[in-house]
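Notes follow once the structure below has been shown.
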Amino acid sequence: MSAPGIHPPPADLAKSAHVSSEKQYDELYKQSIEEPEKFWGNIASTFHWNKRWSSPVTRSNFDMNKGPIKIEWFIGGETNLCHNAVDRHVNNGLGGKVAFLYEGNDIGPGSQMTYGEVLERVCKLANYLKSIGVGKGSDVTIYMPMIPELPIAMLACARIGAVHSVVFAGFSAESLAGRVLDSRPDVVLTCSGVKRGPKTLSLKGIVDDGLKRAADGGHKVGHCVVYHHRDCMPQSEVPWTDDRDTWWHDAVEHQPASCDVTWLDAEAPLFKLYTSGSTGKPKGVQHSQAGYMVGSATTFKYVFDYHDDDVYWCTADCGWITGHSYVTYGPMLNAATQVIFEGVPTYPTAGRPWEIVDKYKVSLLYTAPTAIRSLMAKGNDIVKKASRKSLRILGTVGEPINVEAWKWYNEVVGDKRCPIVDTWWQTETGAHMITPLPGATPLKPGSATKPFFGVVPAVLNEQGKELEGAAEGYLVIKQAWPSMLRTLAGDQERFEKTYFEHFKGFYFTGDGCKRDEDGYYWLTGRVDDVINVSGHRIGTAEVEGALTTCHLCTEAAVVPVEHPIKGQGIYAFVSLMEGHDYPPEANVRKELIDTVRRVIGPIATPDCIHWAPGLPKTRSGKIMRRILRKIANKEEDSLGDTSTLADPSVVETLLSLRGK
Ligand code: ATP
Ligand code: MG
């Protein structure tokens, strides 16, 4: 396919890619959904199994009318993720290959760790955990910054069958307590402190507060193991509770450097992860061993077209699903070399990401639209200072990427050489679902393009009827894929209600989408965010995309507001390019409104533009539209749970700009 606005895969990249044409993609895709046993069986055979699965490979029920929702893959098999992500490579002679290129918060020489060294560290920690009673099925909470010990901690749990729950170390004591109360671990792994940009934070202080709240709420944690971050504060200044706390270096360093793997049933739980909470109370999404292993590894290989000499960098923290699937598991299952970056992309300057790319010769870069937009607002010169020659493929995840940000990523960051993989997926899906393959898929900016192998999406209307061809509606998935969630921790009923009740027989994603005449998917935002203006359904992502095509606007968030005549009106929060005051001169508003009218049409004219020097975001950088809806509708007395907000002060600023 080639037409204006369509970006075909670069020929030389396609030549050596795992999937190098649309035709090849079509054939593989067809096989993956028509013969899943064969397709996934072949892929699974490349991993190590203590006991091979029996037949059938997969069994699932998506229909509540036919009984409980149940998903099983590689039935009867026994394996271990840690073995496959580490030991397998060391056994195959890759012990000396670099696993982690670690770049701290402050600019420095950095350090590296090989697969052999990772194995040793994982074994030592696993041995210690075993010595304090952690084993198959035990819950362990991990609250650590982005240092190599974080993936090591996850792998140590996986090695002995403990179920990890990583809580992003930017969350408050209250959020930590809520998650601890839900998963009830006996052990918490943490770190003395963290440096984030110019700030030093006492993580241990937050953990103490969180664990006290959890104890008050009825769950006392027995062991808190503390890694000492030498850049942060002296050991003597770290708050301490003698009968509960242990220094990691005291407990772990002298442990034996080998530790037998615990073989686990294919369907045994691997981890719980609480979703970011853009839409309400966090849910403990639970994933299982084998399906997640095969799904995260296979998507990593194909979506980033991973080759042995690539250097990969994902800017996500392991506190999010992206860090689980595309830092700890997917890349390591492929024996990849990757950058682990502790800091923030704009510290000490917005040139940091590009300096890191040059320093480590990063070839595969994976980040989020929010980061792309914030770097874009700093101008092009700072990017152009770095060579970025090593870059091969660029990825994005987390939100729809607006066309302006896509173009900037493509033209300025990638010098028009690097395909962009816009990956749509969710905590619940465990791995990429709708995404280009860089050597095969012609790109349309703003579209996540086509389903990955084994993924069968459908578009439904309000009544649950499946729409054919070009259509717009609710995005659902029709059949089970290996890496999907198995339940919500301890709450099968909420699991079934959230994902399977809405449209019987389908997994409901909660997102709206359009499918065009070429079968490309365009995510239009969460369905709760679709605005119904005088009977016309308008996707918030569409209006946001239109606003950001205006050169004055860096970021926009659009929510519905009650409207006496139209039913719902369009309420837009707008952040401006650096250098503007809030409120700006009067013509800025007019220019923004004119842009939307021109790009989408008068039906999408915003009823209100609310100036936003900052937007309320989750700690993973997603806009919390739930809070914006309350502000737009003057319901700020009932903002709900704001504990996952990255910077609570933005709410006050927004309120002070109402009507301006
Ligand atoms: P919660 O479910 O707790 O409200 P969340 O949905 O933000 O939080 P995640 O699982 O991290 O938590 O995010 C998945 C959602 O992010 C998707 O359902 C979709 O709305 C959005 N998303 C992710 N990637 C993309 C993408 N490439 N394009 C469009 N939207 C995306
Ligand atoms: Mg979600």
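Descriptive notes on the structure:
- Within the range 338-352, not a single residue is within 25 Å of residue 283 (Cα to Cα), open to solvent by 10 Å² or more (accessible area, probe 1.4 Å) and among the hydrophobic types (A, V, I, L, M, F, W, C).
- Among the candidates 406, 424, residue that is within 10 Å of ligand 1 (Cβ to nearest atom) and in contact with a strand residue (DSSP E or B) (Cβ under 7 Å, 6 or more places away or on another chain): 424
- Residue in the range 378-385 that is over 30 Å from residue 274 (Cβ atoms), free of Cβ contacts under 8 Å to residues at least 40 places away in the same chain, open to solvent by less than 20 Å² (accessible area, probe 1.4 Å) and not in a helix (DSSP H, G or I) present: no
- The range 515-532 - residue that is of a type in the set (Asp, Glu) and away from ligand 2 (no atom under 16 Å from the Cβ) and, of those, farthest from the chain's Cα centre (by Cα): 517
- Test: residue in the range 524-547 that is of a type in the set (S, T, N, Q), in a loop (DSSP other than H, G, I, E, B) and either in contact (Cβ under 8 Å) with a residue 40 or more places away in the chain or more than 19 Å from residue 445 (Cβ to Cβ) (or both): yes
- Some residue of the range 265-287 being open to solvent by less than 20 Å² (accessible area, probe 1.4 Å), among the polar types (S, T, N, Q) and more than 16 Å from ligand 2 (Cβ to nearest atom): no
- Candidates 481, 522: the one that is over 25 Å from residue 75 (Cα atoms) and either at pLDDT 95 or above or surrounded by fewer than 19 Cβ atoms within 10 Å (Cβ to Cβ) (or both) is 522.
- Residue 334 meets each of the listed conditions (1) more than 16 Å from ligand 1 (Cβ to nearest atom); (2) open to solvent by less than 10 Å² (accessible area, probe 1.4 Å); (3) within 22 Å of the chain's Cα centre (by Cα) apart from (2).
Residue by residue, here is whether (1) part of a strand (DSSP E or B); (2) within 16 Å of ligand 2 (Cβ to nearest atom); (3) of a type in the set (A, V, I, L, M, F, W, C) holds:
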{"position": "405", "(1), (2), (3)": "no, no, yes"}
{"position": "411", "(1), (2), (3)": "no, no, no"}
{"position": "427", "(1), (2), (3)": "no, yes, no"}
{"position": "440", "(1), (2), (3)": "no, no, yes"}
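- When 592, 615 are screened for being in contact with a strand residue (DSSP E or B) (Cβ under 8 Å, 6 or more places away or on another chain), away from ligand 1 (no atom under 16 Å from the Cβ) and at pLDDT 90 or above, only 592 passes.
- Residues that are of a type in the set (Gly, Ala, Ser), open to solvent by less than 30 Å² (accessible area, probe 1.4 Å) and part of a loop (DSSP other than H, G, I, E, B) occur in the range 464-476; there is at least one.
The values are calculated or read from the model by the stated rules, or taken from the named source; none is laboratory data. Since the model is a prediction, treat every value here as computed from it, not as a measurement. When we count neighbours, we look across all protein chains shown, and the Cβ atoms used for this are built from the backbone with ideal geometry, even at glycine. The protein model used for the area step is the full one, side chains on, heavy atoms only, and it has no ligands, DNA or RNA in it. Shrake-Rupley method; radii C 1.70, N 1.55, O 1.52, S 1.80 Å.
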